[in-house]
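Below: one structure, written as structure tokens.
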Amino acid sequence: MSSSNLVLCYIMLTDSYKMSATSNYRFVRGNTLGKKKRRNRSSNSYYWLSWHLFTCEPAFFFFTVLFLVFFDCLVLVVMAVIKGPFLVFTLATAFAGFIGCAVSYDRPLARKDISMPQPKELSPTSPQQVHISAVGPDRMRISWITESSAPAIVEYGTSPVAYSESATGSTSSYDYLVYKSGEIHDVVIGPLNPNTVYYYRLSSDSTREFSLKTPPADFPIKFAVVGDLGQTGWTNTTLAHIGQSNYDMLLLPGDLSYADFLQPLWDSFGRLVEPLASQRPWMVTQGNHEVEKIPIVHSTPFTAYNARWHMPFEESGSNSNLYYSFDVSGVHVIMLGSYTDFDPDSDQFKWLQADLRKIDRRKTPWIVAIIHAPWYNSNSAHQGEPESDLMKESMEGLLYKAGVDIVFAGHVHAYERFTRVYNRKADDCGPVHITIGDGGNREGLASEYMDPMPEISMFREASFGHGQLEVLNATHAVWKWHRNDDDVSVVADTFWFRSLSSDPACKV
Ligand SMILES: *[C@@H]1O[C@H](CO)[C@@H](O)[C@H](O)[C@H]1NC(C)=O
Ligand SMILES: *[C@@H]1O[C@H](CO)[C@@H](O)[C@H](O)[C@H]1NC(C)=O
Ligand SMILES: [Fe+2]
């Protein structure tokens, strides 16, 4: 083999590999190739190639060697004899590359929705779809649904069955085309002690007792962070991993149920998350899948979301359930709305300005902001959307000046962590942007990345999973991304944060 030929082969091989990586994704997702194998750990084709070649992909190695030997000989013959049938050569190369990577490269397949029907033992007045959210420093909102009318009453106390306190709230319901929701109950309880387990029952139903733990008053606090959750088999195992994490509060950057207009799926989602969401506060913001607006027949957006996931916006001076903020254990959390107005004249913008002004860094040394559509993203999916680009243009300066430590986003069904960044450039006083849209929805993963990987992107991978942010004290926090690796939770990315408020170089 001549060395120039070898170089030519290598270039063509890597190019065909790139081409086939794209087609292969569809190939695998189409379930033509359902075999369970390891998946790539990076999006860079050249990296994949070397990873496959030099680690443990015998099939790829076999096909590559076969390809090199066979086609290198072929090209010699072809060039010598016929001269110029490069089309044939390229097609053959692409084919070999395609076979090579189709055999070696697999992504977890999307999984279908799992159905969570109403348990038979539930009576029409039994509480279901219970979830809780923090309201102010020492109160908790309890939300639940009953099929028929039942009192909006919560009885609670620090020991099981013996409830020393009770609170009443309100009940609502909504219509969506032919669907009519159950009775949605909403009761705020408290004042509650921090870091304390409370037992509670709902609508005077003694067949179901629930318990919750309030967040700690001070550090350390552990957040579970997961976006684009859905209700598939992947969601189920991601939730199981979160359940084992001993977290204090869950933060969800949008796209909850993927009901997508089919309202009973909201009920199914409520039942799926209840075991976790009834025990720890779930603080959520909306994604595009929450909009559910249909021209003429149902023109009001966010009907189901607002009715079912009432967040503490009133308490944070916001006039919309789509954006709000709260303090928890030394962290100021800002939930923004990517699918409502965000331009500098908007209510949301003015509210954000006022909210940032009120922050006392001695009380909350950390600031975390949450959006749905990422402002930084090197995945091929969701590039150039107004909710990403225009919202960033409008609000990035505000967050930067306020010294926001971390911005979490969802939307892209993959994981990506950027360095500290502002205005597209690395900046030691800017927030770290993290995309965590990999909860487990039925649309599957976004596995095509822009090439080359931008310098500001530190880690990216299209796998399902969730993140855990443990804020240890005023200066240190540790972030861990847990890949949902074929249903096993594996820490695949770890990052230590220093708060910007403790960095003298950043004037916050
Ligand atoms: C969901 O996960 C739990 C374990 O956490 C398991 O017992 C259950 O069977 C799973 N449900 C489905 C529908 O996969
Ligand atoms: C904060 O936590 C980090 C990591 O555990 C530790 O090194 C540091 O000394 C702590 N700082 C304070 C002020 O306790
Ligand atoms: Fe989304």
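The values are calculated or read from the model by the stated rules, or taken from the named source; none is laboratory data. Quick caveat, the model's predicted, so the values are computed rather than measured. Every residue, glycine as well, gets a Cβ built from its backbone with ideal geometry; the counts of neighbours run over all protein chains shown.
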Looking at (1) more than 16 Å from ligand 2 (Cβ to nearest atom); (2) surrounded by fewer than 16 Cβ atoms within 10 Å (Cβ to Cβ), which is the only condition Ser502 fails?
(1)
Flag for Lys480 being at pLDDT below 95, touching a Gly at 6+ places or on another chain (Cβ under 9 Å) and either within 16 Å of ligand 2 (Cβ to nearest atom) or more than 17 Å from Val333 (Cβ to Cβ) (or both):
no
Specify which of the listed residues (Asp267, Asp355, Asp360, Asp347) is surrounded by fewer than 22 Cβ atoms within 10 Å (Cβ to Cβ), of a type in the set (Asp, Glu) and more than 29 Å from Glu470 (Cα to Cα).
Asp347
Just one of Ser133, Ser181 is touching a residue at least 12 places away in the same chain (Cβ under 8 Å) and crowded, with 21+ Cβ neighbours inside 10 Å; which is it?
Ser133
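Quick grid of which residues meet (1) in contact (Cβ under 8 Å) with a residue 24 or more places away in the chain; (2) assigned to a helix (DSSP H, G or I); (3) touching a strand residue (DSSP E or B) at 6+ places or on another chain (Cβ under 6 Å):
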{"site": "Leu251", "(1), (2), (3)": "yes, no, yes"}
{"site": "Tyr258", "(1), (2), (3)": "yes, no, no"}
{"site": "Trp266", "(1), (2), (3)": "yes, yes, no"}
{"site": "Phe269", "(1), (2), (3)": "yes, yes, no"}
{"site": "Glu274", "(1), (2), (3)": "yes, yes, yes"}
{"site": "Asn306", "(1), (2), (3)": "no, yes, no"}
Is it the case that region 363-377 has a residue that's more than 22 Å from Gly182 (Cβ to Cβ), surrounded by fewer than 22 Cβ atoms within 10 Å (Cβ to Cβ), more than 16 Å from ligand 3 (Cβ to nearest atom) and in contact (Cβ under 8 Å) with a residue 40 or more places away in the chain?
no
Would you pick out the residues in region 356-413 that are at negative phi and small (Gly, Ala, Ser)?
Ala369, Ala373, Ser378, Ser380, Ala381, Ser388, Ser394, Gly397, Ala402, Ala409, Gly410
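Would you mention how many residues in region 378-400 are under 18 Å from the mean Cα position of the chain (by Cα) and within 16 Å of ligand 3 (Cβ to nearest atom)?
8
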Residue among Thr238, Thr207, Thr196, Thr232 that is at pLDDT 95 or above, within 16 Å of ligand 1 (Cβ to nearest atom) and surrounded by fewer than 24 Cβ atoms within 10 Å (Cβ to Cβ):
Thr232
Please go through region 369-393 and give me each residue that is out of contact with any Phe, Trp or Tyr (no Cβ under 7 Å at 6 or more places or on another chain) and either within 16 Å of ligand 2 (Cβ to nearest atom) or part of a strand (DSSP E or B) (or both), ordered by number.
Ala369
Only one residue in Leu122, Leu109 is within 21 Å of the chain's Cα centre (by Cα), away from ligand 2 (no atom under 16 Å from the Cβ) and assigned to a loop (DSSP other than H, G, I, E, B). Which one?
Leu109
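Taking the residues in region 247-262 that are acidic (Asp, Glu) and surrounded by fewer than 24 Cβ atoms within 10 Å (Cβ to Cβ) as candidates, determine which candidate is nearest to ligand 3 (Cβ to nearest atom).
We begin by selecting, within region 247-262, every residue acidic (Asp, Glu); these are 248, 255, 260.
With surrounded by fewer than 24 Cβ atoms within 10 Å (Cβ to Cβ) added as a condition, the list becomes 248, 260.
Numbers: Asp248: 26, Asp260: 11 Å.
Taking the candidates together, the pick is Asp260.
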Would you call Ser318 more than 16 Å from ligand 3 (Cβ to nearest atom), over 22 Å from Val490 (Cβ atoms), surrounded by fewer than 23 Cβ atoms within 10 Å (Cβ to Cβ) and free of Cβ contacts under 8 Å to residues at least 12 places away in the same chain?
no
Among Gly437, Gly465, which is the only one that is touching a residue at least 24 places away in the same chain (Cβ under 8 Å), within 16 Å of ligand 3 (Cβ to nearest atom) and either on the phi > 0 side of the Ramachandran plot or surrounded by 15 or more Cβ atoms within 10 Å (Cβ to Cβ) (or both)?
Gly437
Taking region 426-471 on its own, how many of its residues are under 21 Å from Asp487 (Cα atoms), charged (D, E, K, R) and out of contact with any strand residue (DSSP E or B) (no Cβ under 7 Å at 6 or more places or on another chain)?
1
Among the numbered criteria (1) within 23 Å of Leu109 (Cβ to Cβ); (2) within 16 Å of ligand 3 (Cβ to nearest atom), which single criterion is violated by Phe408?
(1)
Considering (1) buried (at least 22 other Cβ atoms within 10 Å of the Cβ); (2) within 28 Å of Pro194 (Cα to Cα); (3) within 14 Å of ligand 1 (Cβ to nearest atom), say which one Val284 fails and leave the rest.
(3)
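Just to confirm my filter: which strands (runs of 3 or more DSSP E) fall fully inside region 454-505 and include at least 2 residues that are in the same structural domain as Tyr400 (by TED's automatic domain parsing) and small (Gly, Ala, Ser)?
Working: elements: 457-461, 465-471, 476-485, 488-498.
Per the criteria, 465-471, 488-498.
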